[in-house]
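Reviewing the structure listed below.
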Amino acid sequence: MAGRFPVGMLAAMPPTPHTTPEPGEARIRDRGDACPGALRLHPAEDGRLARLRLPAGRLTSRQVEALATAAETLGDGRISITSRGNAELRGLADDCGASLAALLDEADLLPSPTHERVRNIVASPASGLDGLGHADVQLWARALDAALCAEPRAAALSGRFLFVLDDGRGDVAGLGGDVKLIADADGTAVLWPGGRQVFRLAAADAVRAALAAALAFLDAADAAGTGAWRPRELPVTHVPDWAGALAAAGIAAEALPVPPTPFSAPPGPGALGDGHLYVLAPLGRLTAAQLRALLPADEVRFTPWRGAVVVGAGPGAAAGRLGGLAAHGLITRPDAPLAGVTACTGRPGCAKSLADVRADALVALPGPLPVHFSGCERRCGHPHGAWVDVLATGTENDSADSYSVDDVPTPRTSLSEAVAAARGPATPTR
Ligand code: SF4
């Protein structure tokens with residue numbers, strides 16, 4: 001349904017200044033967050049940028065086609081996968097907002113204009129496909145998205161507020177999250193609202209509990225009046241009454257001691273379960289042709305590790321499909337040179353960047369540790385857990401960019417050796 005978006009929603013917003021509170025001090029925000037959205041485009045050096053929330057990273061075949069078309073006809077022809085499994089389009093024209101909104105809306109990618117920036121849901125990407133996990137949290141993600149969009153008050157959440165749904169395997173539980181649900185045995189789930197309290201409840205109540213926790217955060221944020229975007233920014237005097245919120249929603253919950261966060265490594269590229277595939281986007285970016293190459297599929301799921309699960313690639317078709325995707329330049333093997341290598345936007349798309357980090361990242365050699373190239377100290381999109389930090393530090397001798405690798409100054413000319421040494425021994429070839 002094109003044309004239902006107020007023109008004001010299409011205006012580009014300036015970036016948000018970052019302020020860092022002292023330890024133990026509540027963060028004071030004097031404005032709402034300015035996260036880009038599909039309707040609120042961000043001005044960048046290479047044109048406008050749109051960030052499209054994809055709950056659990058999910059795209060139907062029709063939506064894959066729509067996103068590829070949007071990139072080709074309105075943007076620079078590429079689709080970036082973010083560290084939350086969302087999609088970004090870059091190089092958009094100043095006046096493309098209405099056309100982009102209509103195209104996305106036509107593909108059901110904008111179910112609620114008022115909620116489009118708050119649909120931040122990360123879920124275990126292989127859930128329901130490989131027999132692991134205690135529940136299919138991809139289904140939880142769809143139910144939570146519908147519940148969020150149906151709750152007018154939820155539109156007040158910041159564009160940074162994140163729901164994390166882990167099916168019990170531990171692949172996404174460590175990715176932060178303001179409200180976290182972890183499926184457990186015997187039809188139960190563990191709710192971590194805000195990170196400092198934990199509750200066990202029936203899995204059937206999991207989605208309602210996540211929404212109740214988000215609304216309890218909004219109530220506490222309103223009462224605090226500090227403009228908090230996330231629970232950890234609330235003053236200690238305004239910790240939400242999580243237990244009371246669950247009880248008010250009619251949800252039976254048992255408080256637990258806070259356990260260690262479960263952890264498992266993300267999947268490596270290749271065959272996944274029976275008839276599914278997983279591939280990585282080189283440096284987190286797909287061309288429209290690479291995105292379309294993921295079809296035919298029942299659906300595609302972008303992952304927080306900048307990959308795509310191809311659901312329903314066809315029984316027994318894995319080997320053939322993987323070969324075809326490799327021919328399109330996608331990463332299909334864990335020992336591929338660029339597996340585990342990510343980079344921020346860098347020059348020329350970001351004015352803050354001291355280098356063309358995406359070009360320089362191509363020198364990276366295989367190794368077990370992830371490595372991230374950043375054009376400045378903000379380190380946008382860096383991985384979680386242990387990773388090698390490659391940071392642009394300026395121009396050396398007026399001709400070549402220089403870097404630091406895990407804080408060790410490194411001339412660009414010896415960057416590949418320094419990165420390889422920091423990543424550790426190369427993964428054995430299969
Ligand atoms: S890390 Fe710095 S240079 Fe890279 S995208 Fe972020 S702000 Fe720009």
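The values are calculated or read from the model by the stated rules, or taken from the named source; none is laboratory data. Since the structure is predicted, the reported quantities are computational estimates derived from the model, not experimental observations. Don't worry about glycine lacking a Cβ; one is built from the backbone with ideal geometry, like all the others, and counts go over all protein chains shown. With ligands, DNA and RNA removed, areas are computed over all heavy atoms of the protein, side chains included. Shrake-Rupley method; radii C 1.70, N 1.55, O 1.52, S 1.80 Å.
Some observations on this one:
- Take the range 341-422 with all the other protein chains still there, run a 1.4 Å probe, and you get 47 Å² of accessible area per residue.
- Here the sum of -39500 (n - 2.57) over DSSP H runs of 4 or more residues, divided by the residues of the chain, equals -6500 deg cm²/dmol at 222 nm, to the nearest 500.
- Charge dipole of the range 301-372 about the Cα centre (unit charges at C-beta), most positive-ward option of ALA343, GLY314, ILE331: GLY314
- Only Cα sites of the range 283-430 enter the Debye sum here, all with the same form factor; the resulting log10 I(q)/I(0) across q = 0.13, 0.15, 0.18 1/Å is -0.63, -0.80, -1.05, listed in q order.
- Counting only cysteine Cβ atoms and a cutoff under 4.7 Å, the chain contains unmatched residues CYS35, CYS96, CYS149, CYS350, CYS376.
- In Hz, Karplus ³J(HN,Hα) per residue of the range 407-418 (6.51, -1.76, 1.60; θ = phi - 60°; x = Gly, Pro): 6, 9, x, 9, x, 4, 5, 10, 5, 4, 5, 5
- Total formal charge among the other residues, if their Cβ is under 12 angstrom from that of ALA107, Lys/Arg +1 and Asp/Glu -1: -3
- Rounded percent of accessible protein surface that carbon and sulfur make up, the range 341-422, 1.4 Å probe: 55 percent
- Mean accessible surface per residue for the range 121-256, computed with a 1.4 Å probe while every protein chain stays in place, in Å²: 36 Å²
- Carbon plus sulfur fraction of accessible area for the range 121-256, probe 1.4 Å, in percent: 54 percent
- When all alpha carbon pairs of the chain are counted in 20 Å bins from zero, the resulting P(r) reads 25, 59, 15, 0 %.
- Evaluating kT/(6 pi eta Rh) at 25 °C and 0.890 mPa s, with the Kirkwood radius of the range 121-256 over Cα pairs in the Stokes-Einstein relation, gives 166 µm² s⁻¹.
- Cβ crowding within 10 Å averaged over residues, with 162-171, 323-332, 235-244 ranked highest first: 162-171, 323-332, 235-244
- Antiparallel content of DSSP bridges confined to the chain, in %, to 5: 80 percent
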